[in-house]
Amino acid sequence: MKLLSKSDLKECVEILKKDGIIAFPTETVFGLGVKADSEKNYENLVRVKHRPSDKPFTLMCSSIKDFEKFVEIDAKTKRIIDKYMPGPITLILKTKIDVPYYIDLGTGFVGVRIPDDKFVLEMIKEAGEPLLVPSANISSFPPAKNHREVIEYFKDTIDGVVEGECKDGVPSSIFKIENDKITLIRKGPISLEEVEEIYK
């Protein structure tokens, strides 16, 4: 595992372009990222996290254009995106019919997020693809909040980790939008009431 800094953007992007796994700090917790353009990358994430392969990974994007090709976005949903992204929110939205199986695992839904972190946004943009990004932890353990915890979790099973510390360590709020209704999936910095007010 290479220990990198935010000044090593080019090297971080190279790891991703070579289908490697990299851990990095966001405004919430550390994420574990791979390019979202191959099933092999998905399988590698499942393996290193020891995660049951029945739950789709979040798509982390640099802009709304990145995930428009994966999910359906109506006018009301776009208002939420415009208001809260980039930011600590993940929206689980209906996938388009032609997305690869490993993106939504046949559920018809996948989470999308634009992080509020300049380095991460630039890394995704330079990689040329959205990333599949779960929290950086072994399944059932707490998410890593700094690079030392990432190293402890993953040793040499991933390719790189970007040095840093997540200030609050609170994961993003997760909401599912289905049939014109918003459901809170995981509590976080943004409340259901706030999102419902924008969605009206």
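Only Cα pairs under 8 Å and 6+ residues apart enter the sum, and on that basis the relative contact order of the chain stands at 34 percent.
Taking θ as phi - 60° and the Karplus parameters 6.51, -1.76 and 1.60, the scalar couplings of segment 22-36 work out to 10, 9, 8, x, 10, 6, 10, 10, 5, x, 10, x, 9, 5, 8 Hz in sequence order, x denoting glycine and proline. The label point for LEU105 and the one for LYS78, both projected 7 Å from the Cα toward the Cβ, are 3.1 nm apart. Calculated on the Cα set of segment 92-200, radius of gyration then Dmax: 16.0, 47 Å. Leaving ligands, DNA and RNA out of it, work out the accessible area of LYS2 with a 1.4 Å probe and give it in Å² to the nearest 10. Around 110 Å² of this residue is reachable by solvent. Considering every alpha-carbon pair of segment 34-144, the percent of pairs per 10 Å bin, from zero through the bin containing the longest distance, is 15, 47, 35, 4. Entry note: the chain has Rg to Rh equal to 0.94, where both radii use alpha-carbon atoms and Rh is the Kirkwood radius. Solvent exposure of LEU9, expressed as accessible area, is near 40 Å², computed with a probe of 1.4 Å over the protein chains only. Full extension of the chain between ILE138 and GLU126 gives 1.6 nm of extra length, using 0.36 nm per residue less the Cα-Cα distance.
Taking a 1.4 Å probe, which of THR77, THR107 shows the most accessible area, and what order do the others take after it? All intermediate terms of the calculation are to be shown ahead of the outcome.
Details: THR77 5, THR107 70 Å².
Correct descending sequence by accessible area is THR107, THR77.
Could you list the residues of segment 86-111 with an amide nitrogen less than 18 Å from a label point located 7 Å from the Cα of ASN179 in the Cα-to-C-beta direction? Within reach of a label on ASN179, which here means backbone N under 18 Å from a point 7 Å along Cα→Cβ, segment 86-111 contributes 92-95, 107-110.
The values are calculated or read from the model by the stated rules, or taken from the named source; none is laboratory data. Owing to the predicted nature of the structure, the values given are computational and were not obtained by experimental measurement. Using ideal geometry, Cβ is built from the backbone for each residue, glycine included, and neighbour counts are taken over all protein chains shown. Note: accessible area is taken over every heavy atom of the protein model, side chains too, but ligands, DNA and RNA are not part of it. Shrake-Rupley method; radii C 1.70, N 1.55, O 1.52, S 1.80 Å.
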